[in-house]
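Read the structure below first, then the notes.
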Amino acid sequence: MNFLKDISQQVSQSLKEKFACDVAASEVLINHTKPEFEGTYTVVLFPFVKRTKSNPQVLGEAIGTDLVNQTASIENFNIVKGFLNLSFTNEFWLNQLGKTVAGEYQDVNVGQGEKVLVEFSSPNTNKPLHLGHIRNILLGWSTANILEKTGYSVVRTQIVNDRGVAICKSMLSWKLFGNGETPESSGMKSDFLVGKYYVEFDKQLKVEYTTWQATDEAEQVFKEKAKPDTTSEDFFKGFKNHYFNDHSDLGRQVKDMLLKWEDDDEEVKALWSMMNGWVYDGFEVTYQKLGVGFDQSYYESDTYLTGKSMVEAGEEAGLFYKKEDGSIWVDLEPQGLDQKILLRSDGTSVYLTQDLGTADIRYQDHTAKKMIYVVGDEQNYHFKVLFEIMKKLDKPYAEGLYHLSYGMVDLPTGKMKSREGTVVDADVLIKEVIGEARSGAEERGDMGGLTADEQEGTIRDIGLGALKYFILKVNPQKRIVFDPKESVDMQGQTGPYIQNAYVRIKSIFRKSEEELSQDFAGYVCQDVERQLVNQLIQYPTVLEQAAAHYDPSLVAHYSYDLAKGFHRFYHDLRILGAESPEAKSFRLNLSKQIADTLESSLNLLGINLPQRM
RNA sequence: GGCCCCGUAGCUCAACUGGAUAGAGCAGCUGACUUCUAAUCAGCAGGUUGCACGUUCGAGUCGUGCCGGGGUCACCA
């Protein structure tokens, strides 16, 4: 919005000429005028009071007079306390709409083609995607869209955690208890089938553990390791991991499998490929339902070895150190962090190791110096560590790494826990939300001459629109409390509300037979209309901010405000039945721009706009 | 315990990064469909911004200290 810069410039000049005070144009603060006052933009005068040794009233009079005289678009000013409120001419607003129509407010190119890699979703392959993934995926997807829109060259990627103990649990469990069950034979969605065996493993382990607790061996362990005042019940609650590692038969078998996997054992690898394949098929279905996809997927199984050699190289270069038992560590205490292990004493890699390798391979593939990791905030510390290590290794992309951290999604009953079966599966939720949209549509009846297929598509867009908006409108840093039973609202500040504004506009244009022309010269616009034009020209600024902060919620709030403005306008004024040809032309153009902007902004959030609803 | 995040209306969220009398939606109560789609609009009611100091013309926003919630400090991922 260049005219704001011009105003700042003018203010700076006035201060210089009339008060001999040097204030850079960039220091001039211009706000939106509060609705209860006359005007559209406001210059805050307080900061100049001290520097000019003048009072706000005098300052305001001087600056305001200059602005009105020097700037054709400013019609009037008033001063309230230390605020200089500026009103713009009718001509100005007509011009602004004209510029918008001409596409002048379309280009945002802060990225200038710079490459950015956005990692999101990043699932494990032992169970289906759940509500938490949905937030992750929506955030990642829309952040990528926003970056693309603002001129970055974006690569969308996921890292699939396809190896390790978890998937081996599913594999072993299937082998022991599965009787050769397949997605075909069971009719289950394939990722759910794998998840089923993961849960089954846990169940069996629990049984095994409980039985073991009654043995002499367990009693011995309790006597040796329990602190004086703990009951055996409490002790064994905390001992579960140790049991799995040191005493469990199932645990032994899982580890055995993991070792065989690392040894490239044919049978184990075949099982692994098969079951991972099931999971990928299932994920793909879910991704498609959500309308997202990736330019490239990375697999931990392909990258962990690279990480390992990076660690070894770093150790040789003296950046890391080796303990007597052979494990390799990094000392990040100078950076205010801790000592972290990078390779286990048996030479196998840990979580960090893989992330090092993944980052490096990605850089080799894409030479993107910016990489954004969309990962939950429980891993804040992990990423701090990772980024520090990259700096230590002096990687060219080290400074461009960013952890887009977001809060967990909780249920009204508390945290989601897979062990307690309180996890909300992504597919189940999507179905529920679409069902909600369907019953809403049925209640309303009449979707105006759509075929059955089109209706189904619209219902899906509405349901998903509600879900996506609900999640994306919240600032990523905050935790979300999500009640899947009450599902998602379709009224008020919601996706469907915004979709509805768009649909109303589309409906108008369906009824308007003439070509859209710009014959609105001389039209005197009303307050609502000025406000709407003003909202429209904010769009590029909003995009810039959303891109700078990696925050889709800014776009979400903007589109709601715009839709709200439109609904009100629609209610107050006739468009097709406007009082004059100019008024009609102005309003049609305005509506068209609003529809385009709503479509653009909602698409950034991954929300589709139906033509009717 | 150390470090990190969060705390705003009954509920879900805003507040242009320090600016005016803290705004929306939901839920509750009123009113508006023979009018371009009522998934809409208008109104009422709802607040000591967790608490206390401090910084300054000005603090929900910055600082310090408490209180409450969450996370994290693994040879788990």
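The values are calculated or read from the model by the stated rules, or taken from the named source; none is laboratory data. Not measured: the values here are computed from a predicted model. Ideal geometry is used to build each Cβ from the backbone, glycine not excepted, and the neighbour counts take in all protein chains shown. All accessible areas refer to the heavy atoms of the entire protein, side chains included, with ligands and DNA or RNA removed. Shrake-Rupley method; radii C 1.70, N 1.55, O 1.52, S 1.80 Å.
For this structure, a couple of remarks:
- Greater than 26 Å apart at Cα, pairs in A:240/A:323; A:240/A:260; A:370/A:431: A:240/A:323; A:370/A:431
- Accessible surface, 1.4 Å probe, highest first, among residues A:517, A:553: A:517, A:553
- Loop-located trypsin sites (Lys or Arg not before Pro) in region A:469-504, at most 16 other Cβ atoms within 10 Å (DSSP): A:478, A:479, A:485
- With every protein chain in place and a 1.4 angstrom probe, the accessible-area ranking of A:551, A:229, A:489, largest first, reads A:229, A:489, A:551.
- A probe of 1.4 angstrom, applied to the heavy atoms of all protein chains, finds residue A:327 with accessible area near 0 square angstrom.
- Theoretical FRET efficiency, 1/(1+(r/R0)^6), r = Cβ-Cβ of residue A:428 and residue A:600, R0 30 Å, to 0.05: 0.45
- Note on region A:1-124: Cα-Cα pairs beyond 20 Å make up 51% of the total pair count.
- Accessible surface of residue A:6 - all protein chains present, 1.4 Å probe, nearest 10 Å²: 100 Å²
- Rolling a 1.4 angstrom probe over chain A with all protein chains present gives an accessible area of which 47% lies on carbon and sulfur atoms.
- Here the contact order of region A:2-88, divided by its residue count and restricted to Cα pairs under 8 Å and six or more residues apart, works out to 28 percent.
- Low-density loop positions, GluC sites (Glu not before Pro), region A:257-333 - DSSP coil, at most 16 other Cβ in 10 Å: A:324
- Taking a point 7 Å from the Cα of residue A:234 along the Cα-to-Cβ direction, the residues of region A:197-227 with backbone N closer than 13 Å to it are A:226-227.
- Projecting the alpha carbon convex hull of region A:352-469 along each direction and taking the average yields 11.5 nm².
- C-alpha center-to-center spacing [region A:317-372, region A:33-61] in angstrom: 54 Å
- For residue A:494, solvent-accessible area (1.4 Å; no DNA, RNA or ligand), Å²: 10 Å²
- Accessible area expressed per residue, region A:15-113, with surrounding protein chains retained (probe 1.4 Å, Å²): 55 Å²
- Rg/Rh ratio calculated on Cα atoms of region A:295-368 (Kirkwood radius): 1.01
- Placing dummy labels 7 Å off each Cα toward the beta-carbon, the span from residue A:381 to residue A:32 is 4.1 nm.
- In this simple spin-label model, placing a label point 7 Å from the Cα along the Cα-to-Cβ direction at both residue A:592 and residue A:255 gives a separation of 7.1 nm.
- Largest accessible area first, the listed residues A:223, A:175, A:240 line up as A:223, A:175, A:240 when surface is computed with a 1.4 Å probe on the assembled protein chains.
- 20 Å binning of all Cα-Cα separations within chain A, expressed as whole percents from 0 upward: 16, 40, 29, 13, 1
- log₁₀ of I(q)/I(0) at q = 0.12, 0.14, 0.25 Å⁻¹ - region A:126-189, Debye sum with one point per alpha carbon: -0.53, -0.65, -1.10
- Applying 1/(1 + (r/R0)^6) with r as the Cβ-Cβ distance of residue A:90 and residue A:57 and R0 = 22 angstrom yields a FRET efficiency of 0.20.
- Pair residue A:214, residue A:489: separation of 7 Å Cα→Cβ label points (nm): 5.4 nm
- Loop-resident sites, region A:29-80, for GluC sites (Glu not before Pro), counting at most 14 other Cβ within 10 Å (DSSP): A:36, A:38
- For the pair residue A:344 and residue A:456, the difference between a 0.36 nm per residue extended length and the Cα-Cα distance amounts to 35.0 nm.
- Within the same chain, lysines fewer than 8 places from residue A:99 are excluded, and of the rest, those with a Cα less than 27 Å from its Cα are A:5, A:34, A:149, A:506, A:511, A:564, A:584, A:592.
- Gained length - residue A:367 relative to residue A:273, 0.36 nm times residue gap less alpha-carbon distance: 30.8 nm
- When both region A:234-310 and region A:85-121 are represented by their alpha-carbon centers, they are found 46 Å apart.
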